[in-house]
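A quick write-up on the structure given underneath.
The values are calculated or read from the model by the stated rules, or taken from the named source; none is laboratory data. Since this is a predicted model, take the numbers as computed values, not measurements. Ideal geometry is used to build each Cβ from the backbone, glycine not excepted, and the neighbour counts take in all protein chains shown. These area figures cover heavy atoms from the full protein model, side chains too; ligands, DNA and RNA do not enter into them. Shrake-Rupley method; radii C 1.70, N 1.55, O 1.52, S 1.80 Å.
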Amino acid sequence: MPQNIVFSELALELQAKARVIADKYVRPLAAKYDKAQEYNREAAQAAAEAGLFKVFVPKEYGGYGAGSLALCLVTEELAKADSGFGVAYAVNALGSTPIVVGGTEEQKKKWLPAIARGEKMVAFCLSEKNAGSDASGLAVTAERDGEHYVICGEKKWTTNGGVADVYTVFCVTDPTSKSRRISAIVVEKGTPGFSVKKVEDKMGIRCVPVVETHYDNVRVPAGNLIGGRAGMGFTHAMQTLDRARPCVAAQAVGAAQGSLDLAIVYSNRRKQFGAPISSFQMVQKMLADMAIKTEAARWLVYASAAAIDTGMQNVTKIAAMGKCFATDTAMEVATDAVQVFGGYGFMEDYPIAKNFRDAKILSIYEGTNQVQRLVVARNLIKESESLSHLQQYIPQEEQKSYKKGVAQPQG
């Protein structure tokens with residue numbers, strides 16, 4: 001756990017810019033794009049002009065290199081206004097991270113500057129129909145053919161699909177290998193054989209497209225192999241997800257805060273029995289619990305982001321903890337906010353119903369919360385050697401001797 005969480009002046013400046021965009025272009029248009037299931041291009045353009053896509057791109061490639069904490073602050077502000085647009089923004093960082101952490105110098109120079117300017121959107125193509133949490137079970141293949149790779153298969157649940165210009169695609173390049181079977185390859189929009197098929201009709205985050213991407217003998221230059229070495233895809237995917245989980249968690253914090261804010265305003269205005277419902281102790285308890293959980297989630301997320309920024313070697317556990325707790329909190333807070341709104345909360349006339357629908361996906365994508373708990377537990381077990389000094393305080397397991405299946409009396 002990092003000992004100090006430092007908010008740079010740049011991070012706070014970017015947060016302020018994100019808040020302005022959220023108030024002007026995101027919140028007022030959220031219902032419109034939710035109903036139409038269309039991408040909020042006005043907000044995306046405003047974010048680009050404000051330099052918000054530079055947050056996650058290193059300085060040497062046209063970005064700010066502002067770090068994970070700055071990215072979380074920006075994402076939180078946007079998601080507070082519309083969780084769907086928070087996803088639409090953050091997925092660009094997710095799709096870019098394999099290039100940032102694993103790309104060659106040539107690859108970084110080729111794609112990252114345009115991404116930083118907001119001229120090219122990015123998508124991350126990992127999940128398949130039979131490979132979600134089990135990233136090692138991919139079936140999409142990429143075979144080397146001279147100076148090209150030929151990609152075949154289909155990807156499921158590609159967020160930003162159709163909007164994106166650059167797709168980081170994880171595929172099997174060596175089916176005979178256990179540890180080096182997967183590679184990440186960049187596929188650009190318009191490449192022959194690449195197509196967007198089914199556009200999902202989603203419960204929530206409806207302003208950002210989620211699609212199937214199909215690869216029908218898609219030929220891409222061998223130079224698009226991220227890192228220039230086959231078999232590094234699983235490593236790149238895990239490094240990416242470790243870095244991306246605080247950002248998903250920040251979306252959740254923003255979503256929770258957005259729901260809480262609406263619940264507070266409504267509870268002050270709604271009167272029953274001659275008094276605002278905010279004066280009722282049961283409602284006060286709900287508001288207090290919502291606020292406590294949201295604030296606890298916020299600082300766990302900030303801690304996980306700061307761990308990345310300070311170069312901690314193993315951020316897997318804290319990233320999983322932040323993602324799990326914050327996304328569970330977003331769902332709980334949205335549920336309670338609907339309850340505070342009562343009958344109005346069940347109606348699509350008001351944004352709280354949308355907040356409820358949007359919140360559910362947060363605990364599913366980029367690693368389900370069940371998987372996050374397994375990740376946390378396994379890391380705790382690995383770290384248990386550091387607690388060996390406590391063995392003397394633990395009851396010793398009784399040693400029994402057995403002969404022919406019959407326990408022998410002790411003592």
- prompt: To the nearest 10 Å², what's T159's accessible area with a 1.4 Å probe?
  reply: 20
query: How large is ³J(HN,Hα) for each residue in segment 173-185, as worked out from phi by the Karplus curve 6.51 cos²θ - 1.76 cosθ + 1.60 (θ = phi - 60°), to whole Hz, x for Gly and Pro?
result: 9, 9, x, 7, 9, 8, 9, 10, 7, 10, 10, 10, 10
- prompt: Residue-wise, which Karplus ³J(HN,Hα) couplings in Hz belong to segment 53-58, taking 6.51 cos²θ - 1.76 cosθ + 1.60, θ = phi - 60°, and x for glycine or proline?
  reply: 7, 7, 4, 9, 9, x
Extended-chain gain in nm, criterion 0.36 nm per residue less alpha-carbon gap, E348 and H148: 67.0 nm
query: Most fluctuating residue of A320, A123, A296 in a GNM of the chain with Cα springs under 10 Å: which is it?
result: A296
message: Using 18 Å as the Cα-Cα cut-off, could you pick out the over-long pairs in K317/K360; K108/K155; K120/K189?
response: K317/K360; K108/K155
- prompt: Net charge near Y61, counting Lys/Arg +1 and Asp/Glu -1 over other residues with Cβ under 9 Å of its Cβ?
  reply: +2
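Can you tally the net charge around A46? Count Lys and Arg as +1, Asp and Glu as -1, for every other residue whose Cβ sits under 15 Å from the Cβ of A46.
Net charge in that neighbourhood comes out at +1.
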query: Quick one: Karplus J couplings for segment 40-47, per residue in order, coefficients 6.51, -1.76, 1.60, θ = phi - 60°, nearest Hz, x for Gly and Pro?
result: 7, 6, 4, 5, 5, 5, 5, 5
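Using only alpha carbon pairs under 8 Å that are at least six residues apart, calculate the relative contact order of segment 1-118 and give it in whole percent.
Working: 137 pairs, mean separation 38.2, N = 118.
Relative contact order, segment 1-118: 32 percent.
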query: At a probe size of 1.4 Å, how large is the accessible area of L12, to the nearest 10 Å²?
result: 80
message: Given a 10 angstrom Cα cut-off, can you work out which residue in D201, D23, D358 is the most mobile in a GNM of the chain?
response: D201
Pairwise label distance in nanometres, D261 with Y393, each label 7 Å out on the Cα-Cβ vector: 4.4
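Can you check what the net charge comes to around Y149, using other residues whose Cβ is under 15 Å from the Cβ of Y149 (Lys, Arg +1; Asp, Glu -1)?
Values: positive: R144, R181, R219, R229; negative: E143, D145, E147, D174, E188, D216.
Here the count lands on -2.
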field: Between segment 367-387 and segment 6-74, the Cα center-to-center distance that results, in Å
entry: 32
